[in-house]
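Undergrad: First the structure, then my questions, so here it is.
The numbers here are math on the coordinates, done by the rules we state, and not lab data. Note that the structure is a prediction, hence the values are computed from the model and not measured.
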Amino acid sequence: MGKSRVVTVSVTKTPTEVTIGLDKYDGTPGVINVFGALFEAGTTKVLRGKTVQILIGGSLGATVTTGTDGRYRYTFVASTGRYSFQAKFPGDASYAPDWSPLVIGEYGKIGTDLTIDVNPLAGGAPLAITILGILLSDETGGGLPGKTVELWRNNVKIKSMTTKTTSPGQGAYLFHDTLSTQGDHSYYVYFRGDSKYEGCEVSDGATVIDGVPPDEEPPVVEGLGAGVLLLALLVLSQE
């Protein structure tokens with residue numbers, strides 16, 4: 001009777017490569033998109049229907065599956081702050097595991113800025129005043145339409161005109177006020193911010209002692225062309 005032999009079988013799994021990327025500029029407030037793909041290492045062959053783990057801060061945050069193109073995508077809802085992300089392919093019977101590089105994603109609200117110009121429109125008491133300006137995005141420098149701004153006079157909200165919505169396209173606002181007393185009056189415009197944009201404020205201490213002639217030159221906001229301001233006034237005058 002013959003002796004049995006010990007046979008050693010070595011199974012080599014195919015190496016893999018998992019990639020990772022971040023994108024938080026899709027217009028959705030508070031979102032960081034995590035995406036990538038799974039390949040056979042050293043080739044362009046993608047691996048479909050494979051499980052990929054998303055590690056956030058070193059802990060398992062989500063499990064996703066690669067699509068027919070070998071790609072995966074995960075939407076992470078973020079608060080303001082920094083986060084580390086890494087993709088892990090745990091491997092299977094045919095393919096070896098792999099870890100992507102560690103990447104850092106930071107979510108913060110977009111900064112904003114307000115301009116202001118305070119102008120008497122006609123002489124004599126009661127004195128008509130306009131308070132106008134534009135709400136701007138620090139990211140693009142353009143106006144932010146459809147945002148709510150508040151008006152305060154002498155540190156008190158004006159009940160009849162507490163809020164206005166900035167105009168479409170321009171991001172401009174326009175308030176009308178009537179002063180029954182002469183003297184020093186300060187105006188304050190405030191944007192509270194929202195889930196995407198930081199709040200901001202602007203003030204202008206306007207000394208109004210006497211009225212101004214009705215034919216005074218149209219006001220120009222510092223840093224803005226007269227054409228832009230007049231266009232904003234034309235749009236807002238339709239309210």
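Undergrad: Counting pairs of Cα atoms in the range 98-187, how many percent are more than 20 Å apart?
TA: Every Cα pair in the range 98-187 considered, those over 20 Å come to 48 percent.
Undergrad: Another one. Going out from 0 in 10 Å bins, what whole percent of all Cα-Cα distances in the range 16-107 drops into each bin?
TA: For the range 16-107, the pair-distance distribution reads 18, 51, 26, 6, 0.
Undergrad: Could you calculate the contour length gain from Ser84 to Ser203, that is, 0.36 nm times the residue separation minus the distance between their Cα atoms, to one decimal place in nm?
TA: 38.9 nm
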